[in-house]
Each structure stands twice: as C-alpha cells, then as structure tokens.
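These notes concern the structure reproduced below.
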Amino acid sequence: MIAQQFAAPGAVQAVQSYGSGNVNDTYLVTVAPTATATTSTPNQEPPTRFVLQRVNTHVFRQPELILLNMQTFLGHMADQMANQPTQSATRWEMPRILSTTAGHLYHLDPEGNFWRAISLIERAKTYPKIRDAAHAREAGVALGRFHRLLSDLNPAQLHDTLPGFHITPQYLVKYDQVLQSAVAHQRIKGESAAEVAWGMAFVEERRAWASILEDAYARGELMLRAIHGDPKVDNILIDDESGAAVSIIDLDTVKPGLVHYDIGDCLRSCCNPAGEETVAFDTVIFDTALCQAILTGYLQEAAHFFTKADYTYLYDAIRLITFELGLRFFADYLAGDVYFKVKHATHNLERALVQFHLGKSIEAQEAMIRTIIKQRQP
C-alpha cells in the first residue's frame, strides 16, 4: 500500500478521497496512533492523519522540484515567524513534508507514479465560496501574511515548477496554437457553437491588453517575488473556532512571479458569490463589498512591502487574472480537455464562460474598484 510508505511507525487504518483539486489525486490517510507518539515533540509527532497525493506528472514535469521549493520557503517562513514575537500569538500553520520509511521525500510506485505526503492541518477547513465579509477579510489576511513572510526571500532560490504559469501572453500563444487543431475546429462548429463564438470574440477584444503586467515587469515597475500561484478561496484554511485564517494550502505552484497574479486570483475567486461551477451566467458578478474586505485584510499585511507601482497595477491584476483563467479553461475545452479534470463534455467551456462574465462585471465596476484601492493606499 502506498500510504503505508509514509505512515510508519503506525498502521494505515483508512484511505479516502479528499478535496476537489483539478490536477492531482488527493487522499486523506488515517493512521493508528502509536505508543511512542506521546513522547515525541509536537513538530515531530507522527500524525494520525495526513494528506497523500499522486502528483500529476503530465502537468508537473519535475515534481521533485515542488518538494525542494517547499523545503526552501517553509523553512524561510518558519524563521520569519520565530523572529517576529509579536505575531507568535496568531495561529499560522503550514503543512510539513512527511518522509517515507526509507527517509525519502517522495515515493515512486512500480508504474512510475510520483507520490508525496504532507501533514494535515487539523481544526480548520476550506470553503468552496466566501461566506461573508469577515471570511473575505481573513482570506485577504492569509494571502497577505503568506506574501509578507516570503517578501524578503530571494525568488531565485525557488525553482519554476510550471514554466509559463501565470504569464498571460504565453497562454494567448497556446490558445492560438490550439485554434489550429482538428479538435478545436470540431468544437467551434459543434453543438455549443454560439457559446464558443462568444468566447472567441471576448478573447479577441482583450488580446492587445493582456500583456499589461508583463510589460510593467519588463519596464522595472514590478518585481519578482515568491508567489503562491493558486490562492483561490478553497485553498485558504479557516480555523473552526475563531474563524481566522490559519494557512494557505496547495503549494505546488509556489514559484517566482508577480504577486499581482496572486492577489488578482484571490479576488477573482472570492468575489464571485455565484461560484466557479455555475451555469447561470447572468448571475455571475464581482462583489465589490467582498473586494473591499479582502483588500483591507491583505494590505494590513502587504503594506509592509508594497511599492507605489504595486498599488497602481492592482485593478489590472484583478481583471487580468480573471481573463487568464477563462482563457485557460476555454483553450483546454477547444483542445479536447487535456489539462483540467472535467465531469462532462462542456465542463471547461462552462468554466470559461463564468470567468468571462465575471471579467465583464469587473470591467463595468472599474471606477468603484479603483476607488477601493485608492482608499487603502498610504
């Protein structure tokens, strides 16, 4: 059993599917407690539950780099927390990498599948949607704290586990390539031709603008930092009792990048009350009240390292990352659903249309969003 490779000295009692990720296969493992656990130190105590994952090596071509990154940034965060006694009373926990019984960071099964395990953060859970303004504020705090604790980590110390990830112009290049495929031609003319045509027009109308963040980086206005890469609402852990944010999980995409992609993605995910899986596209809106709450929490932490230019491009980040994710879903649908897991034939198309409609709502409220940002700028 794969789980037992990470479970020593206990015996595996149960393995069950866990979470709703679109890329990796994730399981929750329950292990029988051992007598020696009571004498272990808290940070080294063998867990009675942990998270086991089979990493999708079609997406992550060098999965071992994920674990090397985790060692680097988790160690840096731990050092930062230890050196900030005023923050010690605030619960903040990041997953620990669990080694195999042979002392390795991962396990390769006979079929070549790449398995790794991390500790489970107990007494906290994620939510598929933002529940209220307090939850939204805590989501902002979580991402801001993550960025703050890594703000002085040299991004060159991190491997790029997904080259091109969150580089919007590169997704446009891939999209153009997909459009030439036979599968795309079939889907353009298929049963969903009207929706596809609408999506294609949406992309074309925004093509020239899609390099705005990368252009700012090229001009030296924005800088590379350590980013999470996927800080959506269901990757933010909330304490069961206090309601405070305690962690950000799903750390495979931590890499050098622009923090604007992160904050934009957090706002994109959290400020859509209809959720990402709806087909009632007319109900998809960007909630500016939730945006205000998230930015309040985020900038409480991020103001320590934010520059004037960082504030300048916040609105563009929100709009851009929404466009980017919609483009990725749309291109994957046209390619034949080769990247994201789908539940039915038009799943990726529906996901794309949600993001495109959300983007239209963001654009319609640009003045309000810019005012919210300006009010929180020093």
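Observations, loosely collected:
- Scanning region 55-77 for residues that are among the polar types (S, T, N, Q) and in contact (Cβ under 8 Å) with a residue 40 or more places away in the chain gives 57, 62, 69, 72.
- Residue in region 343-361 that is surrounded by fewer than 17 Cβ atoms within 10 Å (Cβ to Cβ), of a type outside the set (Gly, Ala, Ser) and not in a helix (DSSP H, G or I) present: yes
- Residue 334 vs. criteria in a helix (DSSP H, G or I), farther than 20 Å from residue 20 by Cβ and either assigned by TED's automatic domain parsing to the domain that holds residue 222 or at pLDDT below 95 (or both): yes
- Filter result for residue 229 (on the phi > 0 side of the Ramachandran plot and in contact with a strand residue (DSSP E or B) (Cβ under 7 Å, 6 or more places away or on another chain)): yes
- Out of 155, 169, sole residue that is within 25 Å of residue 256 (Cβ to Cβ), without any contact (Cβ under 8 Å) to a residue 60 or more places away in the chain, assigned by TED's automatic domain parsing to the domain that holds residue 225 and not acidic (Asp, Glu): 169
- Any pair with Cβ under 7 angstrom, 6 or more apart, that starts in region 181-205 at a residue that is in contact (Cβ under 8 Å) with a residue 60 or more places away in the chain and closer than 12 Å to residue 349 by Cα and ends at one that is charged (D, E, K, R) and part of a helix (DSSP H, G or I): 196/187
- Of the candidates 323, 329, the single residue that is crowded, with 24+ Cβ neighbours inside 10 Å and without any contact (Cβ under 8 Å) to a residue 40 or more places away in the chain is 329.
- The residues in region 253-304 that are touching a strand residue (DSSP E or B) at 6+ places or on another chain (Cβ under 8 Å), assigned to a loop (DSSP other than H, G, I, E, B) and acidic (Asp, Glu) can be counted, and the count is 0.
- The one condition from (1) aliphatic (A, V, I, L, M); (2) crowded, with 19+ Cβ neighbours inside 10 Å; (3) over 20 Å from residue 267 (Cβ atoms) that residue 194 does not meet is (2).
The values are calculated or read from the model by the stated rules, or taken from the named source; none is laboratory data. Treat the numbers as computed from the prediction; the structure is a model and nothing was measured. Cβ coordinates were reconstructed from backbone atoms using ideal geometry, including for glycine residues, and neighbour counts include every protein chain displayed.
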